[in-house]
Amino acid sequence: MITVAIPIKELVPHLNDVRGRINDIKLTYPGLISMVLVETEGTLPEARLSLVARAETPFILNLDADTIIPIEYPQAALKLFQRHSGLGAVAIDYAPHPQGHPAFGASLMPTLLMRRLYDWKSIRESGACECQHMWRKLAKEGWLIAWLPMHAEHKR
């Protein structure tokens, strides 16, 4: 049901911790995560585009390689999608240094919507961070963004 997409631009010392958390989620919620894709080629946006193109599930979990998500986050996010048809993304913020807005590097979206909206060229041109740019694109099309009251541990 979910593809986890992890773009990497350089060797990240926390990747084993990230993979360990994904394994914990798989054990806790069998069948929830069906694919884990890691891409190291190109820039982070190019890697993310490649991952999204290869995803074969209805949902994609955008996950930065230095981000440890709560075990219950993907399941809670999917429940929100089941209850709200106008939902375009479910995200959480980081800890110990919150951004003050939902993080794109810890967000769950429908794969087809992600494929259609993710465009790094327009992100660069906008001057906004990736998170804010993607949330603006979703909002402009009328999609809602849910922000769950939990935090991803940002290891950097």
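The values are calculated or read from the model by the stated rules, or taken from the named source; none is laboratory data. Bear in mind that the values here come from a model prediction, so they are computed numbers and not experimental data. All Cβ positions, glycine included, derive from the backbone under ideal geometry; neighbour counts span all protein chains shown.
Which members of the range 132-156 meet the condition of being under 13 Å from the mean Cα position of the chain (by Cα) and part of a helix (DSSP H, G or I)?
Matches in the range 132-156: 134, 135.
Kindly indicate the residue of the range 36-49 that is surrounded by fewer than 17 Cβ atoms within 10 Å (Cβ to Cβ) and touching a strand residue (DSSP E or B) at 6+ places or on another chain (Cβ under 9 Å) and also modelled with the highest pLDDT among those meeting that condition.
So the first thing to find is which residues in the range 36-49 are surrounded by fewer than 17 Cβ atoms within 10 Å (Cβ to Cβ), and the list is 38, 40-43, 46.
Checking the rest, the ones that are also touching a strand residue (DSSP E or B) at 6+ places or on another chain (Cβ under 9 Å) come to 38, 40, 42-43, 46.
Details: 38: 94, 40: 88, 42: 84, 43: 82, 46: 86.
So the residue we want is 38.
Where residues in the range 18-35 are surrounded by 18 or more Cβ atoms within 10 Å (Cβ to Cβ) and of a type in the set (A, V, I, L, M, F, W, C), which of them is nearest to residue 154 (Cα to Cα)?
Among them, the one singled out is 18.
So, residue 60, is that one of a type in the set (A, V, I, L, M) and in contact (Cβ under 8 Å) with a residue 60 or more places away in the chain or not?
no
Any chance the range 101-114 includes a residue that's surrounded by 13 or more Cβ atoms within 10 Å (Cβ to Cβ), touching a helix residue (DSSP H, G or I) at 6+ places or on another chain (Cβ under 6 Å), free of Cβ contacts under 8 Å to residues at least 12 places away in the same chain and not in a strand (DSSP E or B)?
No: the range 101-114 contains no residue that is surrounded by 13 or more Cβ atoms within 10 Å (Cβ to Cβ), touching a helix residue (DSSP H, G or I) at 6+ places or on another chain (Cβ under 6 Å), free of Cβ contacts under 8 Å to residues at least 12 places away in the same chain and not in a strand (DSSP E or B).
Can you tell me which condition residue 120 does not meet? The list is (1) touching a Pro at 6+ places or on another chain (Cβ under 7 Å); (2) modelled with pLDDT of 90 or more; (3) farther than 16 Å from residue 61 by Cα, and all the others hold.
(2)
Checking the conditions here, which among 50, 85 is hydroxyl-bearing (Ser, Thr, Tyr) and within 17 Å of residue 116 (Cα to Cα)?
Every option except 50 fails the conditions.
Looking at the range 51-85, which of its residues are of a type in the set (A, V, I, L, M), surrounded by fewer than 18 Cβ atoms within 10 Å (Cβ to Cβ) and in contact with a Ser or Thr (Cβ under 6 Å, 6 or more places away or on another chain)?
Hit for the range 51-85 is 71, nothing else.
When the residues of the range 2-35 are filtered to those that are touching a helix residue (DSSP H, G or I) at 6+ places or on another chain (Cβ under 7 Å), among the hydrophobic types (A, V, I, L, M, F, W, C) and in a loop (DSSP other than H, G, I, E, B), which remaining residue is modelled with the highest pLDDT?
Within the range 2-35, the match that is modelled with the highest pLDDT is 32.
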